[in-house]
Amino acid sequence: MRTHLNLPPEVDGSIWHYRNLGLAHKRHHHAELELNLVTRGSGTYLLGNRRYSIRRGDLLWLFPAQEHLLFEQTPDFEMWIGVFKRRMVRRIANDAKTRILLQKEPAGEFCRRLAEHDLDRLEDLFTELCNASEQTNFLNAGLSYGLLSSWLSFERARDVPVRDVHPAVERAAHLIRDTLGNLTLDDLAHQAGLSATRLSRLFKEQTGFTIVDFRNRQRVERFLQIYGTGQRQNMLEAALEAGFGSYPQFHRVFKHVMGYSPMQYRQIRPPR
């Protein structure tokens with residue numbers, strides 16, 4: 001699906017900080033070159049049939065003709081997103097090392113894990129640019145520098161492993177998300193077209209999670225979205241709506257996924 005970012009005509013792009021709010025994403029692409037720099041948590045990106053398991057330090061480039069989807073993310077997932085208009089890329093990608101940035105869908109893999117000092121440096125730069133988003137001249141100059149600096153860091157980084165995603169794994173993951181995770185393993189396997197044993201093995205190999213763990217993480221994400229600031233529903237009501245069978249089950253899974261208890265979460269995020 002082609003998405004229009006509706007950037008103001010006077011700017012060359014934009015940069016912002018993204019954190020997981022429990023919202024579902026759709027596969028899409030857009031005219032602008034995009035980069036993602038993961039700063040916390042982990043997730044899974046799908047680019048066509050390519051799968052990238054990403055975590056802190058990973059820098060991922062998304063080219064204009066590439067449909068992409070943030071397929072799965074941990075509740076603590078955060079990253080910087082930068083988008084760059086083609087006119088700016090044409091202006092600065094003028095040597096042999098950077099001309100690849102002008103392509104709409106280049107061959108090869110474009111996700112690598114940065115060294116910690118490169119990650120820290122880019123985080124500082126992106127924070128400064130985000131804070132200067134209202135100053136057009138400063139923002140445009142900074143975006144040019146940020147794009148070139150990011151590409152230089154990418155070139156000296158090491159590759160992040162990728163795999164082709166089996167269609168049955170993608171189908172099962174979507175079923176878990178779309179049905180509140182209540183289908184049995186046999187139901188998932190039947191609808192995905194594999195045996196339960198083979199689906200379980202492939203799912204773990206290709207996503208890094210067991211089906212049970214993935215289902216639980218989806219329920220936690222759904223709970224965070226439903227509960228919000230706690231003004232509309234109490235925790236038990238939100239947990240049941242998110243697909244948990246009881247409060248003890250919710251408490252156990254929440255603490256395992258988030259690293260702290262639901263009560264601690266309420267203290268960290270008090271109602272407003």
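The values are calculated or read from the model by the stated rules, or taken from the named source; none is laboratory data. On a predicted model such as this, the values are computed, not experimentally measured, just so you know. Methodologically, a virtual Cβ is constructed for each residue, glycine included, from the backbone with ideal geometry; neighbour enumeration extends over all protein chains shown. The area values use the complete protein model at the heavy-atom level, side chains included, leaving out ligands, DNA and RNA. Shrake-Rupley method; radii C 1.70, N 1.55, O 1.52, S 1.80 Å.
Here are the numbers for the structure shown:
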item: Considering residues of region 53-68 that are part of a strand (DSSP E or B) and open to solvent by 10 Å² or more (accessible area, probe 1.4 Å) only, the residue nearest to G146 (Cα to Cα); result: R55
item: Residue list for region 219-237, filter: in contact with a Leu (Cβ under 9 Å, 6 or more places away or on another chain) and either touching a residue at least 60 places away in the same chain (Cβ under 8 Å) or hydrophobic (A, V, I, L, M, F, W, C) (or both); result: E221, R222, L224, Q225
item: Residue in region 81-101 that is within 22 Å of Q218 (Cβ to Cβ) and of a type in the set (S, T, N, Q) present; result: no
item: Some residue of region 133-145 being closer than 30 Å to E170 by Cβ, touching a helix residue (DSSP H, G or I) at 6+ places or on another chain (Cβ under 9 Å) and either surrounded by fewer than 17 Cβ atoms within 10 Å (Cβ to Cβ) or of a type in the set (F, W, Y) (or both); result: no
item: Residue within region 146-158 that is at pLDDT below 90 and open to solvent by 40 Å² or more (accessible area, probe 1.4 Å) present; result: yes
item: Residue within region 175-187 that is open to solvent by less than 30 Å² (accessible area, probe 1.4 Å), closer than 27 Å to V38 by Cβ and aliphatic (A, V, I, L, M) present; result: yes
item: Residue check, F71 more than 17 Å from R2 (Cα to Cα), out of contact with any Asp or Glu (no Cβ under 9 Å at 6 or more places or on another chain) and aromatic (F, W, Y); result: no
item: Check on R252, part of a helix (DSSP H, G or I), among the basic types (K, R), surrounded by 13 or more Cβ atoms within 10 Å (Cβ to Cβ) and at pLDDT 85 or above; result: yes
item: Leading residue by the ranking (nearest to the chain's Cα centre (by Cα)) among those in region 167-217 that are modelled with pLDDT of 85 or more and not in a helix (DSSP H, G or I); result: T210
item: Region 16-27 residues that are of a type in the set (D, E, K, R), paired with ones that are surrounded by 14 or more Cβ atoms within 10 Å (Cβ to Cβ) (beta carbon under 6 Å, 6 or more apart); result: R19/E78; R27/E67; R27/L69
item: Any hit, region 2-11, residues being modelled with pLDDT of 95 or more, closer than 26 Å to P167 by Cβ, among the charged types (D, E, K, R) and in a strand (DSSP E or B); result: no
item: Output for region 9-35, where each listed residue is farther than 22 Å from W151 by Cα and open to solvent by 60 Å² or more (accessible area, probe 1.4 Å); result: P9, E10, R19, L21, L23, A24, H25, K26, R27
item: Whichever residue in region 73-119 is surrounded by 13 or more Cβ atoms within 10 Å (Cβ to Cβ) and of a type in the set (G, A, S) and, among such residues, is farthest from L37 (Cα to Cα); result: A93
item: Filter result for the condition that a residue is at negative phi, free of Cβ contacts under 8 Å to residues at least 24 places away in the same chain and among the hydroxyl-bearing types (S, T, Y), over T184, T207; result: T184
item: Matching residues, region 32-69, being touching a strand residue (DSSP E or B) at 6+ places or on another chain (Cβ under 6 Å) and hydrophobic (A, V, I, L, M, F, W, C); result: L33, L35, L37, V38, L46, L47, I54, L59, L60, W61, L62, L69
item: Members of region 221-244 that are closer than 14 Å to N20 by Cα and either open to solvent by 80 Å² or more (accessible area, probe 1.4 Å) or of a type in the set (G, A, S) (or both); result: Q225, G228
